[in-house]
Amino acid sequence: MNHIFTIFCAAAGVLLLGSCQQKQYKAYFLTESSNPEAGAAFNVRYNGRMYNRMPIMSLKHFEKFKSFMADDGSYGMVLYTPKEYRMRLYTETQQNLGKHILPVIDGLAFDPMEIDCGISDGQLIIWGGLNGYDLRRISETLEPVDPEIEEKRYLDDDPRPKPELPKEAAPMKDEHGRIIPELYSSATRNKKQ
């Protein structure tokens, strides 16, 4: 009986330690939907535009990053793909010319960019809105191009306030009555209700 109790306690301890690990920081890119009527199963909404729920690229498709100061005092970032993913990025952007690509970092949408040509150099850019906490969390997955500069910009805590989402906004629904998820930007999160 003591053996069973010991095994049970050891298993519970392992599960507890595993749950203490930080979640992986999610960052991905969505393209504007060519079929906005597809509904909640395939789309999310941001600022009145519909985007495909399936990302074209995520952090696992990049190998390095380099941050820069944006005009508003936040950080922007250049993400570099390894050679094996450059054709994928080029194909996805070439197929979606004239549409928008939406960066989403930790569930927060950033400024969408219009795709005016296929991206053949393997570099995808977020033009601003990031902070030192975002940079630190992304560096856990990707290697910084210049670690000495990046480490000076890192923050241990996220300075953004918790989301205060609009209460009066009625959710958009598809033809089957399912709510279409909506993404919010840092500007929406910072508004006082």
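Tell me yes or no: at least one residue of region 75-97 is at pLDDT below 90 and in contact with a His (Cβ under 7 Å, 6 or more places away or on another chain).
Within region 75-97, not a single residue is at pLDDT below 90 and in contact with a His (Cβ under 7 Å, 6 or more places away or on another chain).
Go through region 142-176 residue by residue and tally those that are in contact with a helix residue (DSSP H, G or I) (Cβ under 8 Å, 6 or more places away or on another chain), at pLDDT 90 or above and aliphatic (A, V, I, L, M).
Number satisfying all stated conditions: 1.
Mind listing just one residue for me: the one in region 9-57 that is of a type in the set (Ser, Thr, Tyr), at pLDDT below 85 and in a loop (DSSP other than H, G, I, E, B) and, of those, farthest from the chain's Cα centre (by Cα)?
By that ranking, first place goes to Ser34.
The values are calculated or read from the model by the stated rules, or taken from the named source; none is laboratory data. These figures come from a predicted structure and were not determined experimentally. Every residue, glycine as well, gets a Cβ built from its backbone with ideal geometry; the counts of neighbours run over all protein chains shown.
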